[in-house]
Structure formats: C-alpha cells, structure tokens
1. Less than 11 Å from a label point 7 Å out along the Cα-to-Cβ axis of Ala431: which backbone N atoms in region 91-123 qualify, by residue?
2. For region 169-209, what is the largest minus smallest coordinate of the Cα atoms on each principal axis, given in angstrom and ordered from greatest to least?
3. Starting from the Cα of Lys384, draw a straight line to each of the lysines and keep only those under 27 Å, dropping any in the same chain fewer than 8 residues away.
4. Please arrange Lys73, Lys127 by how many other C-beta atoms lie within 10 Å of their C-beta, fewest to most.
5. Just to verify a number: FRET efficiency for Arg142 and Thr227, C-beta to C-beta distance, R0 = 51 Å, to 0.05?
6. Kindly state, as a whole number, the per residue volume in cubic angstrom of the convex hull around the alpha carbon atoms of the chain.
7. Taking a virtual spin label 7 Å from the Cα of Ala509 along the C-beta vector, which residues in region 436-460 bring their backbone nitrogen under 11 Å of it?
8. Compute the distance in nm between two label points, each set 7 Å from the Cα along the Cα-to-Cβ direction, one at Ala159 and one at Ala455.
Amino acid sequence: MNGTSAQPSSALNAIRRQREWAELGAGETIDVLVIGGGITGAGVALDAAARGLRTVLVDKHDLAFGTSRWSSKLVHGGLRYLASGGVGIAHESAVERDILLTRTAPHLTRALPQVVPLLPNIGAVQKTLVRIGFLAGDVLRRAAGTSAAVLPRSRRVAAAEALRLAPTVRRAGLRGGLLAWDGQLVDDARLVVGIARTAALHGASILTRVEATGVTGTSATLTNRLTGETRSVTARSVVNATGVWADQVDPSIELRPSRGTHLVFDAAAFGGLTASLTVPIPGSTGRFIFAFPAAHNRVYLGLTDEEAPGPVPDVPHATESEIDFLLDTVNTVLREPLTRNDIRGTYAGLRPLLRTGGDSTADISREHAVLTSPTGVITVVGGKLTTYRKMAEDTVDAAIAHAHLTAAPCRTRDLPLVGAVSGRARDGIEAPNLLVERYGSEATAILDLIEQNPALAAPVAPGIDVTAAEFVFATTHEGALDVDDLLDRRTRIGLVDSDRKAALPAAEAALPQPG
C-alpha cells in the first residue's frame, strides 16, 4: 500500500522530488517501478497508485519529454483503423475518447469539427469513401456511448459553412464540404502532467531527472542526474514504458519507429481556422493531412508517417521532404499557397511501433502490446495517446499477475484528473476562459498567485498569452525544474524560436533561486 504518513498532495516541485528521492534510500520495497514519464508511464503510475500499490515513476529527462509532446494533440475515435479492418482498436479508441471527453479530462479536451472541402480535385468515388468513413465514425461514436451533444453527427455542409470553418479554402469550384467531429486536447504534455500529478495525489513518487540502469524484473540502479547520487532499489514488478527507447531497457523486443511531423504556423496564416481542415493525400484513398487550431494562436499542420531507422534521437526533427510534402498537400485546397516563409516552427515525434514484418509503417497496427521479458521486466509498447488508459490498465494487470501482487481493481475509467471540471461547474469558475482551458478548476490558483503578487499578471513576453503566474505555478505544482520544462513542455512557447527567446528571461525569473 502507499507508504506515506502525510496525506499526499498533487503538487510536484523540487522540494517534493528531493524528499522522495531521499526516501528511496530507506530501502522500502516498491510494488511497481515505472520507467518512463510519457503518457503511458504516467498512466501506469496512476493506475497502480490508485489500486493501492506503492508506485515510483522515474524518467531521466522530464515528464512528456519524448513522443508524448509531439502528437497531433487530437483524441482520435479510431476511424482510420476501420479502413484496415481494425475494428477492435477502432472501438477501443472511441471508448477511450469518450472517457477523456466526459469523465477524466473534460477540462483538457474539447470537440473539434473536421471539414473536408469538396473541390474539383475530389472525385465522386473519393467523396463517397469519405462520407462512408464519417458515417462509420458516427456508428463508432454511438457504440462507445458518446452522445451527439458531446460529438455531433457528421453531415454535409454548404460552401458558405465550409468557408466559415476554414476561411482560406479555395472558393473556385467549392461544392460544400463534409463535416465530422473528433476530440482535441488543449495540449498533450499538459495531459501527461495532469496524469502524473493525479498519480502523485494517490501516493506515487514522480521523480524526473532520474535515470534507471541495470534494470531487471525486480531491481534497478537509479541515478539522480541533478546530483550524481545513485540508489539501488528493489521492486516487486518493473514496468518499461520508455516508448521508442523501450528496446534499450528490454533488448528482447524489436521496434520499428515511424516519424510523424507537423509544421507550426501563426493562426493568421489560415485566416481564423476553427475546424480541422482535412485534406485527402493525392493518390491515396484513406490517408489525409490536416491543419487545426492550436494553443498560443497557432495552427499545426500534419501528419507524416515515415519510417525512422537508426539511432533514436532525444529530439527528432522534420526532414526537408516532409516539409515539402505537407505544404504541397495542403496547398491543393488553399486559395493562396503557403510557403516556407509562413512556417514558424516544426516538430516531429517517433511512434514506438512493434516490428511486424515488411509492411510500411503506415500499415503497422497501432494496437498496444504488453510483453514480459526473460528477466521479468513488463514492457508496454505500441498503442496511441488516446488509448493510454487502457494500455496502463492492461500493463498493471500484467504486473499484478506476474508478481502476485494484492491490489484493488482498476479505477481509472471514472477517476477525474487533477483540475477536471465540465458543464455548469466549468461555467461557474470565475477565471478567464483561457486559464480554465489549461487548468480547469485550478485556474483560480493562478488568480490567487496574481492577487498575492500583481506583477505576475504580466505576459511572459509581448504578444504571448502566458502569464508569469503560470510559470510560477509550473514550478510549485507541475514539477518544472528548469527553463526547458517551462518553455517546451508546461507551455509550448518553445515551438517558435523567436517566442522562446522572448520568454526566456521570464522563465529564468520564475525558477526558485538557490539559497
């Protein structure tokens, strides 16, 4: 059971990290040691801690350092998997989307319309296939129990409505559009932090900048990368949730990563886009790219699916050919073509796909796998952000069975994350809507900081919609330890180099001063 004397808090900060690191030296046996602080590892830590298991999560970098911050920030219902016969994962995705939207993270998610403009380059066959796909998405939604009040039904729209949703679409030859709905995250890294903090609320120790080496099914050597100290710890079960680095912890598995790349634009480049502009890839019947509104008055354009062989970098980068591909494809539907001069930034993430033969990475199943290595390490790979909760449930079930642990049943289907609020309760929060979208019920904590120090109401840089109070809150409650945590993960200011440079002094000022 959770071995803490004081009532756990959700606040993650340097002081708590230092205390919990020191407690590891006491020799207490851990029930579940989780290696990896992305969406999957945080999900496993929450599931295990909520079942009453003594849980420690370590990551040698920061929460959401890897793939989990490089997603499309969408909560997919699994529609694309139907095209390849993946009915099971499609249904699972729709169910997990409903859980995120309505129960666990309504404050960090929202319904997002997606519109396919019907232009002359979309023929009758492709239009019919898209419409059939959207109708199948409606079936998935209903089967998952998601009401039309949460995600409206798909429909055809007139040209005027298509242009209202996506103002920069070409008008000549526009015959209207096909409209469907999916889920969108305010930010993927914020979801990871919310899950990790909820795990901490249930007694889990969340230790960033701690590297695990010499990993076996019952032990690991942990190194504090801030101090150089080491701890040898024993655990009844060890979970490898390191994503695209999983084969470095468990050499018995073989991965075949694929790279998904996005371009970052100012919102003005898309003229007030309020939907996901969904564009069929020429020559393909079932693949699309999409441009969608994002945080900090930006638009993200993605997504590629390219094999990424070779050593796995800490931070992947877009290739020149991927940039050209995304621009060329979106320009097939735009009135005024976008150029490289319009791009403010790029980002790329690697998907941890299991090697399954000679298929292209676009065809490899996105189903997750929970594997037990010869040393007893439980490894979870594959899957997708939307299904993180089910991945975690299956992983903890496997750890419990393997180590013969005594634990309560899984609780995460109905366990709200820290800050979760929806409906009338959300409307009743007396805080700016922008803060409520990022922090939910904790938006008032940001206002409390400003009340205590009015100077914290200032933006971290001119034209950036993040206040100094948010940087402070990130250090006192969200586990941010340095400027990179603040700029690149607790906020996404760092995706645009010029914005990052402008906000750097405020980030440095927000960090606790030594002594």
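What follows draws every value from the coordinates through simple rules; no lab data is involved. Since the model is a prediction, treat every value here as computed from it, not as a measurement. Neighbour counts are summed over all protein chains in view; Cβ atoms, including those assigned to glycine, are modelled from backbone coordinates with ideal geometry.
1. No residue qualifies, since no backbone N sits under 11 Å from the label point.
2. Reported extents, whole Å, longest axis first: 58, 21, 9.
3. Correct list for Lys384: Lys60, Lys73.
4. On the way: Lys73 26, Lys127 16.
By the 10 Å Cβ count, ascending, the order reads Lys127, Lys73.
5. Values: r = 54 Å, r/R0 = 1.05.
Working from the Cβ atoms, E equals 0.40.
6. Values: hull volume 75.7 nm³, N = 515.
It comes to 147 Å³ per residue, whole-number rounded.
7. 455-460, by backbone N distance to the label point.
8. The modelled label-to-label distance comes out at 5.7 nm.
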